[in-house]
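Notes to accompany the following structure.
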Amino acid sequence: MSNAPALVLRDVAVTYAASARGAQPVKALRGVSLTVAAGQVLGLAGPNGAGKTSLIELCVGALRPTSGAVEWFGRARLEARAKDQIGFCPDVALLPATLRTSEAISVFAALSGLTMAAVSRRVSYLVERLDLADSLSRRIGTLSRGTVQRLSIACALVPSPALVLCDESFAPLDPVAQVALRSLLHDEAARGAAVLVSSHQLDQLGRLADEIVVLNAGRVARYAGPRVLEAKNCVVLGVEALDADGAVALQTAFPGSWMAGDVLRVPWVADDRPTVETLFGRLPHNARGAQLLRVEEFSLEQMFLDALASHEGDS
Amino acid sequence: MTAYRAQRLWLTSAAAGRIYWRRWIRSRDPLAVLVFAGILCFYDASAKAGDTPSPWWSIVVFLAAWSGFLAGYDTYERLRSDGSLRLIVLRGAPRLGIALGFAGAATATALLAVALAVMFLLLTGRTVVSADTLIVLAGGCVAAAGTVTYAQCMSLVLPKDTAAVLGVLALVFGASAFDRWLPPGTPESVRALVHGLWSSIPTTYRLSQFAAGHARVSNVAVMLLQAGVGLAACGLLLNRPALLARTRSEG
């Protein structure tokens, strides 16, 4: 594989044809661009119907973009060799109910051209990490939803893929399994895999991902980079007294900040809570009319809600 | 074809066949095949050990194989409906490999059903049909199972309607060709039987599809339906010489 990022989406749009006569075509994605590089974990958040699953299906080659471009490992076509490098865990586990857990893992290992002998260490590792040892001899049809999901993750990861795509993988898992999955995906990234995870569990995403993209109505409504996700506090500034130029200057002065109505939220990375002096020392001249309202704990949930509210306001 | 593609095709076929086979062997269908073969065997109660083999025993073997195949076909449908096939395809497995794997597994299923039926007949102390006839029938079972399943699985790589038309055409041509391939000296009754079974396949195939798809009946019921239609066709064709003679005399 080349040194190119594992996955690049450039201004991608996906439109589904109208399902019934008289109905409008559904625009699932509208100009989304993102990159997932080796060793990186990108989180994908968004409300139901935001386009998360469409985006993941696009990345796995199940959908074609209506416009824009997708690149896998630097190539515009998803070739068979590239598919070998993708581990996909769908939102609903699609595994044959009559197979035993161990058989399902070995079938997916075999599909990758790996013999059981070659992957036995990897299988043992995944079985241990995902706590599947007690379920190995049981048929998939008799397993709980959470166990099937853990098995689905094991099947996706067994060939040690270079690109891992997980769609809502945390959803059916209990808290212990969620922690185990988070830790496993973190280690996959440390191994060098590029990981894209969509989830509604913002706390899990916040602890796992290096960057988070919030999708809403098929668009990127908010991007939170590593510095934002490291923030412990959030400074809330009142910007009612500022003109448009001042508000823009303020946002430029604080990268990663976002407007929410009449306030600007500034994620604050430093451990110490910001004082009025340190904060106002960084204010641009034309933004001196801003008021420090409060300093609150940084919350992904707040960022998510603000992203949705402002995006709805924009559209 | 590159070595890489050939390897992927082989690996996919093996994996698909494995999934298919395990689904069948763990269902109740093998038991149904056994029961079905047993019922038909005892139906021929007048036969005694050492008697000239009755053509009905050939039907037992054939129908057991056919029902075995049908159970295998059901596996394909289930895998398609539960999404497993989609995941395998998304995983990068070539569709042709899946089709070949399923067709191969269905053929193996049919062969196993033949073996089960023959074993059953042997265990009950009956003389099995002659070796020549058995070979012809087993070959027919394999060809039938392989052809129909392959045609159905080709819907993975071809438009569904095209695959269905190709499947039916293959069966119709196969029926006439198979009839001609029978060795010289084959009794007329066996020839009629084989031809009748071949000819009845497209009808029973469509009927079973209808029953399975619309009425949600069990596999066993579909197998019985198959058997009924197959037996009726065979019964008519076994009496073909007599019917022809009567028609000629009336004419």
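Computed from the coordinates by the stated procedures, all read-outs in this text should not be read as laboratory data. All values reported here derive from a predicted model rather than from experimental measurement. All Cβ positions, glycine included, derive from the backbone under ideal geometry; neighbour counts span all protein chains shown.
What longest region of chain A stays clear of trypsin sites (Lys or Arg not before Pro) that DSSP places outside H, G, I, E and B and that have at most 10 other Cβ atoms within 10 Å?
Details: sites that count: A:R21, A:R77.
Result for the longest clean stretch: A:78-315.
Among all helices in chain A defined by DSSP H, which have a length of 15 Å or more along the axis from Cα atoms plus a Kyte-Doolittle mean of at least 0.5?
A:101-111, A:145-157
Arranged by the count of other C-beta atoms within 10 angstrom, fewest first, what order do B:F102, A:F304 take? Don't skip to the end; give the middle numbers.
On the way: B:F102 28, A:F304 22.
Neighbour counts put them in this order, fewest first: A:F304, B:F102.
Rounded if a/c is under 1.5, else prolate if a/b is larger than b/c, else oblate: which is chain A, with a ≥ b ≥ c the root eigenvalues of its Cα gyration tensor? Mind showing how you got there, number by number?
Values: a/c = 2.25, a/b = 1.75, b/c = 1.28.
The shape class here is prolate.
What distance in nm separates the two pseudo spin-label positions at A:K232 and A:A118, each 7 Å out from Cα along the beta-carbon direction?
Roughly 4.8 nm, to one decimal.
Can you give the net charge of the other residues whose Cβ lies under 12 Å from the Cβ of A:G238, counting K and R as +1 and D and E as -1?
Numbers: positive: A:R265, A:R294; negative: A:E240, A:D262.
Overall, the nearby charge balance is 0.
So for the pair A:V176, A:R77, with labels modelled 7 Å out along Cα→Cβ, what separation do we get in nm?
Going by the 7 Å Cα→Cβ label model, 4.9 nm.
In 5 Å bins starting at 0, how do the alpha-carbon pair distances of region A:232-297 split up by percent?
4, 20, 34, 28, 12, 3, 0
How far, in nm, would the chain grow between A:D243 and A:A23 when pulled straight, counting 0.36 nm per residue and subtracting the alpha carbon separation? Please list the in-between numbers first.
Working: separation 220, 0.36 × 220 = 79.20 nm, distance 4.29 nm.
Between A:D243 and A:A23, full extension yields an extra 74.9 nm.
To the nearest whole number, what is the average tally of beta carbon atoms from other chains within 10 Å of the beta carbons of peptide B:92-104?
Working: counts 14, 5, 1, 0, 0, 1, 0, 0, 0, 0, 0, 0, 0.
Partner-chain Cβ atoms within 10 Å, mean over residues of B:92-104: 2.
So, R0 is 56 Å and r is the distance between the beta-carbons of B:E77 and A:R288; what FRET efficiency does that work out to, to 0.05?
Details: r = 71 Å, r/R0 = 1.27.
E between B:E77 and A:R288, to the nearest 0.05, is 0.20.
Shielding of B:13-20 by partners, i.e. mean partner chain Cβ atoms within 10 Å per residue?
3
Roughly speaking, what is the stretch gain from A:E297 to A:A13, that is 0.36 nm per residue apart minus the C-alpha to C-alpha distance, in nm to one decimal?
Gain on stretching A:E297 to A:A13: 98.7 nm.
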